[in-house]
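Structure record follows, encoded as structure tokens.
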Amino acid sequence: MKIRRSERLVDMTHYLLEHPHTLIPLPFFAERYSSAKSSISEDLGIIKKTFQERNKGILETVPGAAGGVRFIPDMTVEQAEEVITTLCDRLSEKDRLLPGGYVYLSDLLGEPELLRQVGQIIASKYKNEKIDAVMTVATKGVPIAQAVSYHLNVPFVIVRRDSKITEGSTVSVNYVSGSSERIEKMELSKRSLKRGSRVLVVDDFMKGGGTVNGMKALIEEFESELVGITVFAESTFSGRRMIESYQSLLCVKDVDVSTKTITVVPGTYFN
């Protein structure tokens, strides 16, 4: 049964949004809606224009017999700035200060809409890169990695500090904690990451960069390539960081325990 254009547009838009970075041949839509390819092309033109006007992302057309369309989620600089400014305000709240000068993040990383926005901000930075997997370390980095991997439409892998019998055989590395300078261990299941993968590393918080440096060493053990590093928040660090090339959405610039004041500014994402 032939479907009306209005219904096609709604269903096509929904399908594209749910399958980011996936090349979809025109015959797929033509068969799905029992419509001519010319009609499908016109529909896609309408959707592409709407995505551009509403800053929802890019609808890329791939020509040729093996071509089709691909939806690439994107976020403008202005949209990202608005989200990050809001995050700075929320992270500066006094009741977030924990004993020892730590900052409470768990509630922010548990909000679905906020995670969706954070995932899109990070994924937008790498929209033109070939990414095979997103890597993070258990546990607080997991929701961020999941959000980023959804927008890039790639798997995410979880590095653990303690071995689990359900992980099977693992590859482990020793690394130096950037803040405490202690020797620690992390490991990853051999089945989690294919050799030669291009990997994006994400994490929730970075001080000295030891944990991220450990993940970098693991990627090398898997004979894979580190594409980039992005952390949700970083703190100022008096010593030398073990990682030099990275991006952060937020920076905890100062923590005053006596006045319970937290100063948070945008990170290096826009640099």
### Task
Could you tell me what fraction of 2.2 N^0.38 Å the Cα radius of gyration of the stretch 6-149 comes to, as a two-decimal ratio?
1.31
### Task
For each of L249, L59, L9, count neighbouring Cβ atoms within 10 Å of the residue's Cβ, then give the residues from fewest to most.
L9, L59, L249
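Where the convex hull is taken over the Cα atoms of the stretch 5-73, what is its projected area averaged over directions, in nm²?
On the way: hull surface 16.5 nm².
Its Cα hull, projected and averaged over all orientations, spans 4.1 nm².
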### Task
Take H19, H151 and order them by how many other Cβ atoms sit within 10 Å, fewest up front.
H19, H151
## Note on the structure
Expressed in angstrom, Rg and Dmax over the Cα atoms of the stretch 141-223 are 12.7, 36
### Query
Which distance in Å, rounded to a whole number, links the C-alpha centroids of the stretch 257-271 and the stretch 96-151?
18
### Query
Using the Cα atoms of the stretch 77-266 to build a convex hull, what is its mean projected area in square nanometres?
10.9
### Summary
Pairs over 20 Å Cα to Cα, from K190/K216; K130/K216; K56/K125; K140/K216; K49/K125; K140/K185, come to K49/K125
### Task
Starting with the fewest neighbours, write out S163, S189 ranked by other beta-carbon atoms found within 10 Å of each beta-carbon.
S163, S189
### Query
By how many nm would the segment from A138 to V176 lengthen if fully extended, with 0.36 nm per residue of separation less the alpha-carbon distance?
12.0 nm
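If the only charges are +1 at each Lys and Arg Cβ and -1 at each Asp and Glu Cβ, what is the size of the charge dipole of the stretch 5-73 around the Cα centre, to the nearest 20 debye?
Magnitude of the dipole: close to 120 debye.
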### Task
Please compute the net charge surrounding T268, taking Lys and Arg as +1 and Asp and Glu as -1 over other residues with Cβ under 13 Å from its Cβ.
+1
### Query
Where does the charge balance sit around N174 when Lys and Arg score +1, Asp and Glu -1, over other residues with C-beta under 9 Å from its C-beta?
0
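Laboratory data are not the source of any read-out in this text; all were calculated from the coordinates shown. This structure is a prediction, so every number in the text was calculated from the model and none was measured. All Cβ positions, even for glycine, are placed from backbone atoms using ideal geometry, and neighbour counts span all protein chains on display.
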